[in-house]
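Accompanying notes for the structure given below.
The values are calculated or read from the model by the stated rules, or taken from the named source; none is laboratory data. Computed from a prediction, not measured in an experiment: that's the story for all the values here. With ideal geometry, Cβ positions are generated from the backbone for all residues, glycine too; neighbour counts draw on all protein chains shown.
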Amino acid sequence: MISISNATKHFGNQLLYKNASFQIYAGEKVGLVGSNGSGKTTIFRILNGTESLEEGTVTIPEKVRMAYFSQNVGEMKGKTAMAEVLEGNKRAFELSGKMKELEIKLEDAGKMDADEMQKILDQLGEFQEEFEKIGGYDLESSASEILTGLGIPPTDHTKKTEEFSGGWKMRIALAKVLIAKPDLILMDEPTNYLDLETIEWLEQWLKVFKGAILLTTHDRVFMNNIIKKIVEIANGTITTYSGNYDYYLKERDIRRTQLEAAHSRQQDMLAKEEEFIARFAARASHAAQVQSRVKKLDKIDRVELPPEEKAIDFEFPTPPRGGNDVVVMKDLGKVWKKNNQEHPVFKNLTAQINRLDKVAVVGVNGAGKSTLLKVLIGMTDATSGQAIVGPSVKIGYFGQFTLEVLKPELTVFDEVRSRLQLASDGFIRNLLAAFLFRGDDVFKKVKFLSGGEKSRLILAGLIAENNNLLVLDEPTNHLDLRSREVLLEALQKYQGTVIFVSHDRFFLNSLASRVIEVSKGGVRNYDGPYSFYLEKTGHSR
């Protein structure tokens with residue numbers, strides 16, 4: 001068992017948790033949840049020894065092996081992808097060396113007495129058993145299987161790591177953790193930069209993994225399908241819930257309701273006691289009773305209500321009504337040319353996107369999803385056919401490089417003001433509050449915002465402008481679970497058309513009314529929600 005007991009930790013002047021405790025048992029799959037800045041990453045660092053508690057204890061049995069995946073993959077160069085991954089199982093490398101040493105000793109078995117030989121054989125047997133347990137005998141084939149499962153084909157296993165982009169280096173770092181087959185894997189946002197196919201592969205791998213897992217992720221379906229216990233960091237404490245993420249949400253609401261009832265009962269009791277004390281404080285005949293009740297109130301543990309998370313309640317403006325034919329595609333095709341070679345992306349796409357459609361564009365990484373979006377809105381030219389945008393359609397676009405248009409020296413409020421010049425201050429304040437910018441947050445400069453905060457800022461403006469078509473390329477990237485819920489609710493209420501790419505299955509399930517799948521075999525339309533697409537294609541959920 002691994003445990004953190006009576007933990008107190010600050011980040012600067014901010015209290016993360018006080019007198020907090022939780023445990024991870026062998027083989028448990030645990031989800032770590034909390035808002036951005038609540039201290040989730042700090043928990044990982046405390047467990048892997050790179051940070052310490054101010055108060056409290058961390059108990060990790062000596063023989064427990066841990067591996068940690070974080071978003072900071074460090075420098076990777078000089079080795080092939082395969083060699084980098086194989087280095088992840090350091091214990092297998094150590095055991096291999098020790099077994100060779102013992103095998104060399106056994107070559108001189110004739111010079112040993114029976115007790116010494118038996119001791120070496122026993123030790124060799126122990127090493128061999130552990131070596132087998134951590135996959136030492138098939139390490140290279142396992143590394144190949146993991147790299148391939150994470151989307152790196154065998155032809156790239158011998159490529160040098162410096163030839164991979166940052167997102168692909170993340171996959172190599174993740175493979176390096178998986179190959180270690182430790183007793184506990186710590187995983188900080190493992191699904192970032194992964195496409196749906198790879199997320200599903202990783203999900204299956206973690207399901208059958210026999211060790212324990214502590215993970216945080218913004219992918220609700222991923223968490224639901226893997227974890228069996230939730231550890232929540234909120235309001236300066238840590239609370240444990242038995243069950244997956246959906247169970248946690250229900251149980252948290254039940255506990256909140258019970259706490260509110262207990263708080264109400266206590267407030268009623270306190271009011272009566274305080275009324276009695278105030279009425280009879282000056283009467284000598286009641287002095288003993290008054291003092292008794294004063295002491296009683298001093299000893300009572302007050303029921304405290306944590307601040308309630310405000311739900312989105314903003315009324316988004318209705319965009320101007322356009323025609324029913326928002327985008328019409330006729331024999332649309334795109335070919336990229338590189339080094340005098342043609343690389344087909346898609347071809348012969350004929351389809352129509354209608355007013356109020358919520359269209360999900362899906363496909364593996366590199367299939368051409370982003371290219372299709374750019375062709376539809378005229379950011380890049382089609383090679384063949386045409387995409388006709390309705391004459392009364394006004395487009396709002398969110399893409400990979402959209403965050404770069406933000407002006408770093410402006411405040412959050414002024415950035416939105418620059419895009420909604422006719423809106424009142426109250427409207428902008430309410431809009432920002434709906435997207436979780438509250439109080440003094442609106443005066444924070446853009447250059448100090450996190451990636452998730454910048455995404456929320458741009459998305460708030462896009463939805464509040466008079467755009468009646470939103471084209472969103474990975475809008476959920478960098479957003480935590482709460483922010484994704486806010487965006488999802490806003491888009492569900494949005495009285496316009498949405499075309500979007502996302503790897504978040506909960507988001508896809510909850511928003512898409514139609515699906516377009518882009519693959520090397522072409523483009524296919526599915527006139528139904530995401531569940532219909534899954535059913536027709538046989539993909540897992």
Problem - Test: residue in the stretch 248-264 that is touching a strand residue (DSSP E or B) at 6+ places or on another chain (Cβ under 8 Å) and in contact (Cβ under 8 Å) with a residue 40 or more places away in the chain - result: yes
Exercise for the section: Output yes when any residue across the stretch 398-414 is at pLDDT 90 or above, assigned to a helix (DSSP H, G or I) and either within 26 Å of the chain's Cα centre (by Cα) or not hydrophobic (A, V, I, L, M, F, W, C) (or both), and no when none is. Expected result: yes
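In the stretch 462-499, how many residues are among the basic types (K, R) and either more than 13 Å from K358 (Cβ to Cβ) or modelled with pLDDT under 90 (or both)? Give the derivation first.
In the first step, residues of the stretch 462-499 are kept if they are among the basic types (K, R); the result is 482, 484, 493.
Imposing the further condition that a residue be either more than 13 Å from K358 (Cβ to Cβ) or modelled with pLDDT under 90 (or both) reduces the set to 482, 484.
Number of matching residues: 2.
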Handout entry: Failed item in (1) touching a Gly at 6+ places or on another chain (Cβ under 8 Å); (2) outside any loop (DSSP other than H, G, I, E, B), with L432 passing the rest
Key = (1)
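Please state which one of G167, G78, G74 is under 21 Å from D188 (Cα atoms), assigned to a loop (DSSP other than H, G, I, E, B) and not basic (K, R). I'd like the intermediate steps shown before the answer.
On the way: G167 fails: assigned to a loop (DSSP other than H, G, I, E, B); G78 fails: under 21 Å from D188 (Cα atoms).
Matching residue, one of G167, G78, G74: G74.
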Practice task
Go through (1) closer than 30 Å to N509 by Cα; (2) at pLDDT below 95 one by one and return the number of the condition L121 breaks.
Solution key: (1)
Practice task
Take the residues in the stretch 439-473 that are out of contact with any Lys or Arg (no Cβ under 9 Å at 6 or more places or on another chain) and acidic (D, E), then tell me which one is surrounded by the fewest Cβ atoms within 10 Å (Cβ to Cβ).
Solution key: D440
Exercise for the section: Examine the stretch 489-498 for a residue that is buried (at least 19 other Cβ atoms within 10 Å of the Cβ) and over 23 Å from I395 (Cβ atoms), and state whether such a residue exists. Expected result: no
Fill in the blank from the handout: Those residues of the stretch 223-232 which are buried (at least 21 other Cβ atoms within 10 Å of the Cβ) and in contact with a helix residue (DSSP H, G or I) (Cβ under 6 Å, 6 or more places away or on another chain) amount to M223, I226, I230
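Condition check: part of a strand (DSSP E or B), under 18 Å from V471 (Cβ atoms), touching a strand residue (DSSP E or B) at 6+ places or on another chain (Cβ under 8 Å) and assigned by TED's automatic domain parsing to the domain that holds K493. Does V359 satisfy that?
Numbers: part of a strand (DSSP E or B): yes; under 18 Å from V471 (Cβ atoms): yes; touching a strand residue (DSSP E or B) at 6+ places or on another chain (Cβ under 8 Å): yes; assigned by TED's automatic domain parsing to the domain that holds K493: yes.
Spelling it out, V359 is indeed part of a strand (DSSP E or B), under 18 Å from V471 (Cβ atoms), touching a strand residue (DSSP E or B) at 6+ places or on another chain (Cβ under 8 Å) and assigned by TED's automatic domain parsing to the domain that holds K493.
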Completion exercise
Expected single match for more than 30 Å from I4 (Cα to Cα), within 49 Å of the chain's Cα centre (by Cα) and surrounded by 11 or more Cβ atoms within 10 Å (Cβ to Cβ) among Q266, Q291 is Q266
Problem - Residue ID - surrounded by the fewest Cβ atoms within 10 Å (Cβ to Cβ), chosen from residues in the stretch 500-514 that are in a loop (DSSP other than H, G, I, E, B) and modelled with pLDDT of 95 or more - result: S513
Practice task
Working carefully through the options E103, E54, E87, find the one that is in the same structural domain as L186 (by TED's automatic domain parsing) and in contact (Cβ under 8 Å) with a residue 12 or more places away in the chain.
Solution key: E54
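Residues are listed down the side, and each one gets a yes or a no for (1) modelled with pLDDT of 85 or more; (2) assigned by TED's automatic domain parsing to the domain that holds T383; (3) in a strand (DSSP E or B):
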position	(1), (2), (3)
P306	no, no, no
K310	no, no, no
F314	no, no, no
P319	yes, no, no
K330	yes, yes, yes
F346	no, yes, yes
T350	yes, yes, yes
I353	yes, yes, yes
Practice task
Can you tell me which residue among E145, E132 is without any contact (Cβ under 8 Å) to a residue 12 or more places away in the chain and either more than 30 Å from Y193 (Cα to Cα) or part of a loop (DSSP other than H, G, I, E, B) (or both)?
Solution key: E132
Practice task
Name, by its number, the condition in (1) under 25 Å from G211 (Cβ atoms); (2) in contact with an Asp or Glu (Cβ under 9 Å, 6 or more places away or on another chain); (3) touching a residue at least 60 places away in the same chain (Cβ under 8 Å); (4) not charged (D, E, K, R) that does not hold for L95.
Solution key: (3)
Problem - Any pair with Cβ under 8 angstrom, 6 or more apart, that starts in the stretch 266-279 at a residue that is within 12 Å of L297 (Cβ to Cβ) and ends at one that is in a helix (DSSP H, G or I) and basic (K, R) - result: E273/R293; E273/K296; F276/R293; I277/R293
Completion exercise
Contact list, first residue from the stretch 339-358 and under 18 Å from S384 (Cβ atoms), second anywhere and of a type in the set (S, T, N, Q), beta-carbon distance below 8 Å, six or more apart or interchain, is V345/T371; F346/T371; K347/S384; A351/N525
Practice task
Those residues that are polar (S, T, N, Q), loosely packed, with under 15 Cβ neighbours inside 10 Å and not in a strand (DSSP E or B), I need them from the stretch 362-397; list them, please.
Solution key: S392
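Rundown of residues vs (1) under 25 Å from the mean Cα position of the chain (by Cα); (2) more than 30 Å from P61 (Cβ to Cβ); (3) assigned to a helix (DSSP H, G or I), yes/no style:
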{"residue": "I152", "(1), (2), (3)": "yes, yes, no"}
{"residue": "R171", "(1), (2), (3)": "yes, yes, yes"}
{"residue": "K176", "(1), (2), (3)": "yes, no, yes"}
{"residue": "K181", "(1), (2), (3)": "yes, no, no"}
Exercise for the section: For the stretch 294-302, state whether one or more residues are touching a residue at least 24 places away in the same chain (Cβ under 8 Å) and not aliphatic (A, V, I, L, M). Expected result: yes
